[in-house]
1. Among the residues of region 95-111, write down those that are touching a residue at least 12 places away in the same chain (Cβ under 8 Å) and either out of contact with any helix residue (DSSP H, G or I) (no Cβ under 9 Å at 6 or more places or on another chain) or part of a strand (DSSP E or B) (or both).
2. Within region 48-59, does at least one residue satisfy the condition of being touching a residue at least 40 places away in the same chain (Cβ under 8 Å), in a helix (DSSP H, G or I) and in contact with a strand residue (DSSP E or B) (Cβ under 7 Å, 6 or more places away or on another chain)?
3. Pull up region 14-36, narrow it to residues that are farther than 22 Å from residue 113 by Cα and touching a strand residue (DSSP E or B) at 6+ places or on another chain (Cβ under 6 Å), then point me to the one that is surrounded by the most Cβ atoms within 10 Å (Cβ to Cβ).
């Protein structure tokens, strides 16, 4: 696990939030539809942030609100993003190969969940 300074952590949160809000191609998961068209992201609140030393990669997770055709949809998003640091500044490449997944509740009675891809494919 990569140890980040407080300034690096703040910079990483801001960079990842900005990327998710403005550049990530996210879609709304619907088990009845094979395609996920890209939708706008209204907000992303990072609740958890950790850094992996390999590459390095930052993993962030939190609530995301997506603007779908039928209205806003809230999901729990986990995103893994390769980054670079110049001092305390966190940099994300414009063509970053990120991974994004939703945690989707499949059975509210038992709390059963599954992870599904969040990246738009249409």
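Readers should treat all values here as calculations from the given coordinates under stated rules, not as data from a laboratory. Being a predicted model, the structure only gives us computed values, none of them experimental. No Cβ is skipped: glycine too gets one built from the backbone with ideal geometry, and neighbour counts run over all protein chains shown.
1. 97, 99, 100, 101, 102, 103, 104
2. Within region 48-59, none of the residues are touching a residue at least 40 places away in the same chain (Cβ under 8 Å), in a helix (DSSP H, G or I) and in contact with a strand residue (DSSP E or B) (Cβ under 7 Å, 6 or more places away or on another chain).
3. Going through the qualifying residues, I end up with 16.
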